[in-house]
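Working notes, beginning with the structure itself.
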Amino acid sequence: MKTVLITGIGRGIGQALSSRFLKEGWSVLGTYLNTPVPANEPSLKTFELDLSSEESIGACAEAIKAAGTKIDALINNGGILVDDEETRLIPDKLRKTLDVNVIGTASFTEKILPFMAAGGHIVFLSSQAGSLGEMDRLEDSHYPYHYPAYKISKCALNMYVRTLAARMKHEGFDLTVSAVHPGWIRTDMGGDEAPTPPQEAAADIFALVTSRPPTGQFWYKGKKFPW
Ligand SMILES: NC(=O)c1ccc[n+]([C@@H]2O[C@H](COP(=O)([O-])OP(=O)(O)OC[C@H]3O[C@@H](n4cnc5c(N)ncnc54)[C@H](OP(=O)(O)O)[C@@H]3O)[C@@H](O)[C@H]2O)c1
């Protein structure tokens, strides 16, 4: 049985991912912060994780190590958008966003790396919002200056994806590293007007995880997306 570790499975895309992998016969290790998950499935184990706290990241990685399973896929899904209504940069919001979306996510990934199985896949939930190419394409709209902290965080996360993929290749690790844009998804973050249900994003991400695409790429619906 293959094992996937997914951050933030209590709601939204993470919840849909967890259900999808369980349905496909995978064992799921899932984390939560404020949305506890009923552990009513024999193939599901849950762990508390706060990506804004190094202490919590360390404790969660230790608990996962103690579970003693090699991890075939890590999906870094947990993330925050706290400047949704802003067009100006608010330093405290940027700090908070970088803490979770970049620093905590990278720190957690580094701690999980030793438990990854050969041939494994690490996927990061990035966003169109972090794409410099999309900034050029949409420069005449309001899009390029809305929610700057979130945009900056996903752009920085993308560079972590690239550096990690290059490092794994250089060090001879048999690991694929990918960024993915899920689309505009109907969740607490995406809002009620978003056109796509989280199950659709989960299906695309499941297909990505279980394929062996070239490492260090940014994906959207199975196609390369501009960095
Ligand atoms: N929705 C979209 O349209 C969209 C578009 C592009 C990219 N994305 C990305 O996709 C991912 C999932 O988004 P979503 O729409 O499902 O978001 P969501 O509905 O707001 O859910 C966010 C998830 O992140 C977890 N989380 C938040 N802060 C955390 C922290 N400090 N430590 C650990 N976990 C934390 C939450 O856990 P608790 O509930 O347990 O607190 C929750 O499971 C995010 O990385 C987001 O940036 C979403």
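The values are calculated or read from the model by the stated rules, or taken from the named source; none is laboratory data. Because the structure is a prediction, the values reported are computed rather than measured. Please note: Cβ atoms are built from the backbone with ideal geometry, for glycine as well, and neighbour counts cover all protein chains shown.
For the stretch 130-144, the criterion of being surrounded by 20 or more Cβ atoms within 10 Å (Cβ to Cβ) and either within 12 Å of the ligand (Cβ to nearest atom) or more than 18 Å from Pro213 (Cβ to Cβ) (or both) is met by at least one residue.
Kindly provide the set of residues from the stretch 37-68 that are in contact with a Phe, Trp or Tyr (Cβ under 8 Å, 6 or more places away or on another chain), more than 14 Å from the ligand (Cβ to nearest atom) and part of a loop (DSSP other than H, G, I, E, B), ordered by number. Passing the criteria: only Ser43. Residues in the stretch 186-209 that are out of contact with any Lys or Arg (no Cβ under 6 Å at 6 or more places or on another chain) and part of a loop (DSSP other than H, G, I, E, B): Arg186, Thr187, Asp188, Met189, Gly190, Gly191, Asp192, Glu193, Pro195.
If you take the residues of the stretch 17-36 that are outside any strand (DSSP E or B) and near the ligand (Cβ under 8 Å from one of its atoms), which of them is surrounded by the most Cβ atoms within 10 Å (Cβ to Cβ)?
The qualifying residue surrounded by the most Cβ atoms within 10 Å (Cβ to Cβ) is Leu33.
Cβ separations smaller than 6 Å between residues 6+ apart or across chains give the following pairs from the stretch 54-78 residues that are among the hydrophobic types (A, V, I, L, M, F, W, C) to residues that are more than 16 Å from the ligand (Cβ to nearest atom): Ile71/Thr3; Ile71/Phe115; Ile71/Met116; Ala73/His121. Just one of (1) more than 13 Å from the ligand (Cβ to nearest atom); (2) at pLDDT 95 or above fails for Lys154. It is (1). Filtering the stretch 210-227 to residues that are surrounded by 12 or more Cβ atoms within 10 Å (Cβ to Cβ), on the phi < 0 side of the Ramachandran plot and outside any helix (DSSP H, G or I) leaves Ser211, Pro213, Thr215, Gln217, Phe218, Trp219, Tyr220, Phe225, Pro226, Trp227.
Contact map, the stretch 34-46: residues that are closer than 19 Å to Ala59 by Cβ paired with residues that are more than 8 Å from the ligand (Cβ to nearest atom) and assigned to a strand (DSSP E or B), Cβ distance under 7 Å, separation 6+ or inter-chain. Pairs shown: Val37/Gly30; Val37/Thr46; Ala39/Lys45; Ala39/Thr46; Lys45/Leu29; Thr46/Gly30.
The sole residue among Ala201, Ala194, Ala207, Ala166 that is within 12 Å of the ligand (Cβ to nearest atom), on the phi < 0 side of the Ramachandran plot, among the small types (Gly, Ala, Ser) and surrounded by fewer than 19 Cβ atoms within 10 Å (Cβ to Cβ) is Ala194. In this structure, does Thr109 turn out to be touching an Asp or Glu at 6+ places or on another chain (Cβ under 8 Å) and among the β-branched types (Val, Ile, Thr)? Judged against the criteria, Thr109 is not a match. Against the test of being within 16 Å of the ligand (Cβ to nearest atom) and either at negative phi or loosely packed, with under 15 Cβ neighbours inside 10 Å (or both), the options Leu98, Leu89 yield a single qualifying residue, Leu98.
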